[in-house]
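Asker: One structure follows; several queries about it will come next.
The values are calculated or read from the model by the stated rules, or taken from the named source; none is laboratory data. Quantities reported herein were computed from a predicted structural model and do not represent experimental measurements. Neighbour counts are summed over all protein chains in view; Cβ atoms, including those assigned to glycine, are modelled from backbone coordinates with ideal geometry.
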Amino acid sequence: MLWGFLGAGAVNAQIGEYGSFSWVFEDGVLTISENGSGDAIPDYFLDMSTFNSVKNDVRSIILDEGITGIGSNAFQSSLITSISIPASVMVISNDAFLICEGLTSITVASTNMVFSSDEGILFNKDKTTLIAFPEGKSGSYVIPESVEIIGDYAFAYCTKLISVTIPASVKTIGAFAFFICQSLNSMLIPATVTTIGVHAFFSCNLNSIIIPSSVISIGEGAFGGCLNLNTVTILDGVPAINRQTFFGCKNLTYITIPASVISIGEEVFAHCENLSEIVNLNLTPQVVSPNVFTGVDLNACLLRVYDVTAYKNADEWMVFKNIVALDAQVTLDKEVIYLLKKTTATLTATVTGGMDLSDVIWNNDNPGIAIVDSGTITALSTGCTMITVSIGQSEAICTVTVIQPGKSSIEGTVSNAGIENLFGNLKN
């Protein structure tokens with residue numbers, strides 16, 4: 001290690017060395033070079049003792065050509081406002097610029113083949129991944145429509161950021177992506193997102209959130225510690241709620257859990273002390289891990305479900321003192337259908353109350369007369385059968401009469417066209 005002062009012509013400059021790196025500090029700018037070995041800036045580089053005399057005065061960092069990478073937490077400082085990256089850098093740690101509260105600009109040489117920058121924000125070369133949004137930037141930001149991945153730690157600790165618009169091009173929100181964005185109060189997750197990473201929105205200032213049906217993976221603690229989060233709606237299609245997803249959301253009062261959710265992880269709602277209503281749309285009680293509802297007032301929280309008996313007999317759910325029935329309704333578009341033998345008809349079911357058509361159950365009291373498959377009725381032999389569709393306690397019935405071609409079940413002999421004229425629902 002070496003450090004000292006340059007001579008005449010640069011009387012305000014200081015110099016130093018660390019391993020294969022040398023540096024020059026002058027007028028708030030720290031310029032770092034390497035000796036030709038092609039080394040990367042190591043983790044916690046600015047915390048090395050060689051920088052003790054200048055660290056608190058550094059405002060900008062310039063990396064010279066030849067440096068090949070940047071390690072974790074390389075430049076921790078609340079005073080640095082800009083960092084310049086040369087063409088030679090091929091690798092940058094996801095958390096390279098964490099704890100740089102004053103950083104407002106990251107610029108990349110246009111000749112760099114791996115990375116790029118736009119408005120001081122770090123991207124990969126083709127701008128499909130947003131890598132790092134400087135922590136010192138404030139206000140609102142619209143992510144470019146080229147972005148498909150919001151990288152791990154991309155907006156972490158951006159405490160001055162109020163809102164972010166995520167385009168429909170985004171499929172992945174990485175781990176810790178918006179970690180402790182304490183001023184971020186609105187977020188619309190587009191229906192293209194499939195993955196929300198671990199602690200992605202931990203300790204944000206969000207008031208409400210809708211998790212779209214496209215999401216197949218929610219990481220541990222994704223919305224944990226969001227103290228102002230009041231309502232959560234999870235749309236049908238999401239398969240699971242993982243460990244501590246809403247841990248410590250003390251002002252969460254209402255959540256809708258869709259029928260698609262089949263498992264709920266450990267401590268998902270732990271310490272959500274103001275949770276007052278859960279609407280659970282799954283007919284079958286989900287597999288629930290231990291301590292899911294630790295800290296929830298189970299005497300006051302209302303659990304609304306379609307099958308009260310099933311939930312009252314299910315482990316972890318039976319602890320709720322107020323389990324009440326939801327009003328699901330199913331209807332059919334026809335009450336009576338007449339069919340010729342070996343023809344088909346379509347029966348359409350409609351459901352209300354937040355349920356999905358995939359949740360309805362079709363039954364037939366005489367499958368030798370006609371069979372039904374998701375509403376498609378196929379006539380097999382003459383006679384009558386009742387098609388029943390049900391969901392929860394609600395059901396609807398259609399009577400199907402199958403007629404021999406050329407015969408009327410009412411009287412006499414008729415043609416196919418005659419039956420169609422009589423009943424208006426013949427399907428060939």
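Asker: Hey, among the residues in the range 351-373 that are assigned to a strand (DSSP E or B) and modelled with pLDDT of 90 or more, which one's surrounded by the most Cβ atoms within 10 Å (Cβ to Cβ)? Spell out how you get there, then give the answer.
Answerer: Restricting attention to the range 351-373, the residues satisfying the condition of being assigned to a strand (DSSP E or B) are 351-352, 361-364, 370-373.
Pick out the ones that are also modelled with pLDDT of 90 or more and you get 362-364, 370-373.
Working: 362: 17, 363: 13, 364: 17, 370: 25, 371: 17, 372: 20, 373: 10.
Among those residues, the one meeting the criterion is 370.
Residue-by-condition table, conditions (1) β-branched (Val, Ile, Thr); (2) farther than 30 Å from residue 244 by Cβ:
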site: 298; (1), (2): no, no
site: 334; (1), (2): no, yes
site: 344; (1), (2): yes, yes
site: 361; (1), (2): yes, yes
site: 367; (1), (2): no, yes
site: 371; (1), (2): yes, yes
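Asker: Scan the strands (runs of 3 or more DSSP E) fully inside the range 245-306 and keep the ones with 3 or more residues being farther than 17 Å from residue 235 by Cβ.
Answerer: In the range 245-306, 302-305 are the strands (runs of 3 or more DSSP E) which contain 3 or more residues that are farther than 17 Å from residue 235 by Cβ.
Asker: Can you tell which of 110, 140, 77 is free of Cβ contacts under 8 Å to residues at least 24 places away in the same chain and over 18 Å from residue 172 (Cβ atoms)?
Answerer: When all the criteria are applied, what remains is 110.
Asker: A follow-up question, please. Those residues that are aliphatic (A, V, I, L, M) and within 33 Å of the chain's Cα centre (by Cα), I need them from the range 39-92; list them, please.
Answerer: Matches in the range 39-92: 70, 74, 80, 83, 85, 89, 90, 91, 92.
Asker: I'm trying to understand the selection: among the residues of the range 331-350, which are assigned to a loop (DSSP other than H, G, I, E, B) and surrounded by 15 or more Cβ atoms within 10 Å (Cβ to Cβ)? Even if it seems obvious, please write down each step before you answer.
Answerer: Our first condition is that a residue be assigned to a loop (DSSP other than H, G, I, E, B); within the range 331-350, this holds for 333-335, 341-343, 347-348.
Within the range 331-350, 334, 341, 343, 347 qualify.
Asker: Just checking, which of 133, 155 is under 19 Å from the mean Cα position of the chain (by Cα) and surrounded by 23 or more Cβ atoms within 10 Å (Cβ to Cβ)? Please lay out each step first, then the result.
Answerer: Working: 133 fails: under 19 Å from the mean Cα position of the chain (by Cα).
The match here is 155.
Asker: Then there's this: Restricting attention to the range 58-97, which residues are within 19 Å of residue 24 (Cβ to Cβ) and either part of a strand (DSSP E or B) or of a type in the set (D, E, K, R) (or both)?
Answerer: Those that are within 19 Å of residue 24 (Cβ to Cβ) and either part of a strand (DSSP E or B) or of a type in the set (D, E, K, R) (or both): 59, 60, 61, 62, 63, 64, 65, 70, 82, 83, 84, 85.
Asker: Of the residues 166, 143, 173, which single one is buried (at least 22 other Cβ atoms within 10 Å of the Cβ), farther than 18 Å from residue 103 by Cβ, at pLDDT 95 or above and not basic (Lys, Arg)? Lay out the reasoning, then the answer.
Answerer: On the way: 166 fails: buried (at least 22 other Cβ atoms within 10 Å of the Cβ); 143 fails: buried (at least 22 other Cβ atoms within 10 Å of the Cβ).
Within the list 166, 143, 173, the selection yields 173.
Asker: Do you know which residues across the range 374-403 are assigned to a loop (DSSP other than H, G, I, E, B) and touching a residue at least 60 places away in the same chain (Cβ under 8 Å)?
Answerer: Hits for the range 374-403 are 392, 393.
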